[in-house]
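Read the structure below first, then the notes.
The values are calculated or read from the model by the stated rules, or taken from the named source; none is laboratory data. Because the structure is predicted, anything quoted here is derived from the model rather than measured. So basically every Cβ, Gly included, is an ideal-geometry build from the backbone, and we count neighbours across all protein chains shown.
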Amino acid sequence: MPLKPPEISESLNQALERDIDVFLRGEDPSPRDRDTKRSWQEVHLLTLEDLRKAEFNRKPKGWRCLMSKGLDQGFYATFDETQKMTGLSRGPEASVALQADKNLRSLPQAAIGESEWHVLAIPGLLTEAFWLKSGSEEWVVPFFTSQELRCGYAYPLKDFLAIAAAMAKKQVDRLNALRSEEEKKKRLETLGNRSKERRNDAEQRLKNEAEKRLKEEEKRMIAERIQKARG
């Protein structure tokens, strides 16, 4: 049974038609041509904190509309949760998304019952994946990642969240260490600046005292000369 497409409101289609010309370039295929295929995707955003808590945000944070005349002529439009078009991605990024969309349909899990699917975006792990649902079964299929995840492999949702939680913890710890190191560096710079200010103050006091002694010595010598002249 084919994958069940997401339900897209007419207002979202209208937003695409209304705003896409602002983002199109001359070399882009026209999204209005009859042979241009469209595929809508719901996008869910997962933060590192969500993953650390093994929480799963099931409310969509936006949409994508993939448009193509083939993998070499394709792009996708992005929309935020208010249905405002925010950009158009093309080139290798679009090719990866289009190929992933095609590959998803050949997965055995996609043929079980009436399957629903969504996109999971995890910016903190530089990862994007499909979230596939069929009845009570759920899988996550990464299609772009910089992590030790297998692209194209269908992870049971529970297993994926466990793996992603460990990766998120590692990433958060690394970011906290970088922040701590940066804060330490700033503190040292602050202490260094204060030490420099204290050194400058001390040098200025010594200079002032030396100038004062020099003036006093000059006054004394002038007084002695006057005394000798009178004597």
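Which of the following residues is loosely packed, with under 12 Cβ neighbours inside 10 Å, over 21 Å from the mean Cα position of the chain (by Cα) and either closer than 28 Å to residue 172 by Cα or of a type in the set (Gly, Ala, Ser) (or both): 11, 68, 39? When all the criteria are applied, what remains is 11.
Within the range 72-89, track down each residue that is of a type outside the set (S, T, N, Q), farther than 27 Å from residue 58 by Cα and surrounded by 11 or more Cβ atoms within 10 Å (Cβ to Cβ). Can you show your working first?
Residues of the range 72-89 that are of a type outside the set (S, T, N, Q), as a first pass: 72, 74-77, 79-81, 84-85, 87-88.
Pick out the ones that are also farther than 27 Å from residue 58 by Cα and you get 72, 74.
Once the filter is applied, which keeps residues that are of a type outside the set (S, T, N, Q), farther than 27 Å from residue 58 by Cα and surrounded by 11 or more Cβ atoms within 10 Å (Cβ to Cβ), the range 72-89 yields only 74.
Residue count for the range 53-80 satisfying the condition of being in contact with a helix residue (DSSP H, G or I) (Cβ under 8 Å, 6 or more places away or on another chain) and at positive phi: 1. Residues in the range 123-178 that are touching a Ser or Thr at 6+ places or on another chain (Cβ under 8 Å) and assigned to a loop (DSSP other than H, G, I, E, B): 126, 145, 146, 147, 149, 151.
Tally up the residues in the range 53-64 that are part of a strand (DSSP E or B) and basic (Lys, Arg), please. Before the answer, list the steps.
Initially, the range 53-64 is screened for residues part of a strand (DSSP E or B), giving 62-64.
From what is left, the residues that are basic (Lys, Arg) are 64.
The total comes to 1.
If the condition is being in contact with a helix residue (DSSP H, G or I) (Cβ under 9 Å, 6 or more places away or on another chain), part of a loop (DSSP other than H, G, I, E, B) and touching a residue at least 24 places away in the same chain (Cβ under 8 Å), then the range 10-52 contributes 31, 46, 47. Residue 82 versus (1) part of a loop (DSSP other than H, G, I, E, B); (2) modelled with pLDDT under 90; (3) more than 18 Å from the chain's Cα centre (by Cα); (4) not small (Gly, Ala, Ser): which is the lone unmet condition? Here residue 82 clears every test but (2).
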